[in-house]
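To keep things clear, I will list the structure first and then write my remarks on it.
The values are calculated or read from the model by the stated rules, or taken from the named source; none is laboratory data. The structure displayed is predicted, hence computed values, not measured ones. Note: ideal-geometry Cβ built from the backbone for every residue, glycine included; neighbour counts use all protein chains shown. The accessibility values were calculated without ligands, DNA or RNA, using every heavy atom of the protein model including side chains. Shrake-Rupley method; radii C 1.70, N 1.55, O 1.52, S 1.80 Å.
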Amino acid sequence: ANAAALRARELAPTSGAAQAVQAYIVSLDLSQWRNADPLFRRAVDLDPNQPRTRLWYGAYLTKLGRFPDALAHLQAGLML
């Protein structure tokens, strides 16, 4: 899945969806999950109106204990 996400980012470097998928994949990898934050931030910057990205990022921020930020992204995802 990560190889496919990397390839999608190569083909469409400004795609928020491709960036979000790679961020999500990294966030699930037990050895890499802490490295997902900049990938999620970039995905939100590229497409701030993508609900899935906001929900995934909110869930990720919850794992980090960043609850106010997590709530903001979760609420944005639900509103979208």
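Within region 38-80, the set of residues being within 12 Å of Val21 (Cα to Cα) and among the aromatic types (Phe, Trp, Tyr) comprises Phe40, Trp56, Tyr57. Taking region 28-49 as the range and being part of a helix (DSSP H, G or I), more than 16 Å from Ser15 (Cβ to Cβ) and either touching a Phe, Trp or Tyr at 6+ places or on another chain (Cβ under 9 Å) or hydrophobic (A, V, I, L, M, F, W, C) (or both) as the test, the residues that pass are Leu28, Trp33, Asp37. Scanning region 5-49 for residues being in contact with a helix residue (DSSP H, G or I) (Cβ under 7 Å, 6 or more places away or on another chain), open to solvent by less than 40 Å² (accessible area, probe 1.4 Å), closer than 23 Å to Leu71 by Cβ and not aliphatic (A, V, I, L, M) gives a total of 4. Considering region 50-65, and only residues there that are in a helix (DSSP H, G or I) and of a type in the set (A, V, I, L, M, F, W, C), the residue that is least open to solvent (accessible area, probe 1.4 Å) turns out to be Leu61.
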